[in-house]
Structures are given as structure tokens and as C-alpha cells.
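Here's the structure we're looking at; comments come further down.
The values are calculated or read from the model by the stated rules, or taken from the named source; none is laboratory data. Source: prediction; values computed, not measured. Cβ sites come from the backbone with ideal geometry, for glycine too, and all protein chains shown count toward neighbours.
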Amino acid sequence: MVTHLAKELDTYQKLLPGLMVEEGKYALIFGTELIGVFTDYEEALKAGYDKAKLEPFLVKKISGTETIAYFSRDIDSACHTSPSS
């Protein structure tokens with residue numbers, strides 16, 4: 001299964017070594033093309049919508065390290081898939 005933005009994320013990873021001179025700025029990637037590098041997120045997002053319209057595009061902060069975020073749903077101990085007793 002191919003996830004949305006897989007192509008853009010792959011492109012970002014391939015371009016990352018060259019983008020590191022712009023660390024802290026935002027890369028705008030549409031498909032396999034780097035559209036530009038922007039100082040702030042809002043500017044990159046606007047340019048993305050101008051270029052891609054409603055097609056998927058990626059705005060990613062250029063960084064040599066990834067911040068991992070963990071998300072969890074509020075899970076209680078009751079199993080909702082088994083019949084009630």
C-alpha cells in the first residue's frame with residue numbers, strides 16, 4: 001500500500017543532504033519536484049496551494065534530525081468487539 005505523500009517524502013529524503021544549507025527553513029515538494037525553500041511555513045503553504053491546487057504536496061521543515069511524536073487513542077479496558085455477558 002502506498003501512502004499519501006510517499007513520493008514527496010522520498011524526494012525530500014533524497015534532497016536532504018543538499019537542503020541542509022537551508023536548515024530551519026521549509027521545503028515545498030510537489031511530486032518529485034522541489035518547488036522552493038521558504039523562510040516561514042505559511043509562505044510555503046500558500047505557494048503549495050498556488051502550485052498544486054488540491055493535489056497533495058509536502059511542506060517540511062528542513063532538519064537533520066526527525067522529531068518523533070507518539071499518539072495514542074484513549075483506550076479503556078473494555079473490549080468492544082466481543083459480545084456482552
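Numerical summary
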read-out	value
Per-region count, the stretch 21-32, residues in a strand (DSSP E or B) and either loosely packed, with under 12 Cβ neighbours inside 10 Å or of a type in the set (Gly, Ala, Ser) (or both)	1
Number of the exception - residue 42 against (1) under 12 Å from the mean Cα position of the chain (by Cα); (2) assigned to a helix (DSSP H, G or I); (3) of a type outside the set (A, V, I, L, M)	(1)
Checklist (1) in contact with a helix residue (DSSP H, G or I) (Cβ under 7 Å, 6 or more places away or on another chain); (2) surrounded by 11 or more Cβ atoms within 10 Å (Cβ to Cβ); (3) modelled with pLDDT under 95 applied to residue 64, failing item	(2)
Residue check, residue 46 in contact with a helix residue (DSSP H, G or I) (Cβ under 9 Å, 6 or more places away or on another chain), modelled with pLDDT of 90 or more and surrounded by 11 or more Cβ atoms within 10 Å (Cβ to Cβ)	no
